[in-house]
Amino acid sequence: MTNRVHIDAPAGVIDIEGEKDFVEGLLAKLFPLIEEVGFGSRPQGQSNSQDTEDDSPVILDEGNAEEAVKQKIKRRRGSLPPKGQSCGDRLLALKADGFFKEHRGGGDIIAGLKAKGWTHKSNQVAAAAGKLFDRGQLQRTKEGNGPFKYFWDRDLEPDSKRAQ
């Protein structure tokens, strides 16, 4: 009888044929490696795309599959800026100084931040201004096909509104 080993790593299939001593010896060498690397556990997106020609059963070690999923879930979080130092907080500081009494575009806002000694990129300013608009803390308008212009023409003190 001939000895045969077929390993399909993406599918997690190992076929070993041969004499009893050969199979047992090979399994004794392979099992520690298989368990260590989580052989046969693949990302969820690929689990449904198995070839229809491969009718051999796939055996997954559930403990290793769970560990592999836990490892993929871990994501690095960017560090949060100190309180009052985010781009949105700085835009609110400009608003409090009356900067947004006129309609301001992204370049104007970046220049206004730079005048105060703060450096932010255009994508940071656009994201922060968009969130402030969503929260109702800034107003915006669009002139033609150009970019948004941000402004604040409402009364800065909400108490004076209530008094009227």
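Here are some notes:
- For His120: the one exception among (1) farther than 15 Å from Asp153 by Cα; (2) in contact (Cβ under 8 Å) with a residue 12 or more places away in the chain; (3) open to solvent by 60 Å² or more (accessible area, probe 1.4 Å): (3)
- Considering only residues in the stretch 99-112 that are farther than 16 Å from Gly130 by Cα and in contact (Cβ under 8 Å) with a residue 24 or more places away in the chain, the one that is most open to solvent (accessible area, probe 1.4 Å) turns out to be Lys101.
- Residue count for the stretch 1-36 satisfying the condition of being touching a residue at least 12 places away in the same chain (Cβ under 8 Å), open to solvent by 100 Å² or more (accessible area, probe 1.4 Å), in a helix (DSSP H, G or I) and not charged (D, E, K, R): 0.
- The helices (runs of 4 or more DSSP H) falling completely within the stretch 38-119 that include 3 or more residues that are at pLDDT below 60 map to 44-47, 62-73.
- Of all residues in the stretch 124-164 being among the acidic types (Asp, Glu) and either in a helix (DSSP H, G or I) or open to solvent by less than 90 Å² (accessible area, probe 1.4 Å) (or both), the one that is modelled with the lowest pLDDT: Asp159
The values are calculated or read from the model by the stated rules, or taken from the named source; none is laboratory data. This one's a predicted model, so the numbers in the text were calculated from it and none came from an experiment. All Cβ positions, even for glycine, are placed from backbone atoms using ideal geometry, and neighbour counts span all protein chains on display. Side chains are part of the model used for accessible areas, which takes the heavy atoms of the whole protein and leaves out ligands, DNA and RNA. Shrake-Rupley method; radii C 1.70, N 1.55, O 1.52, S 1.80 Å.
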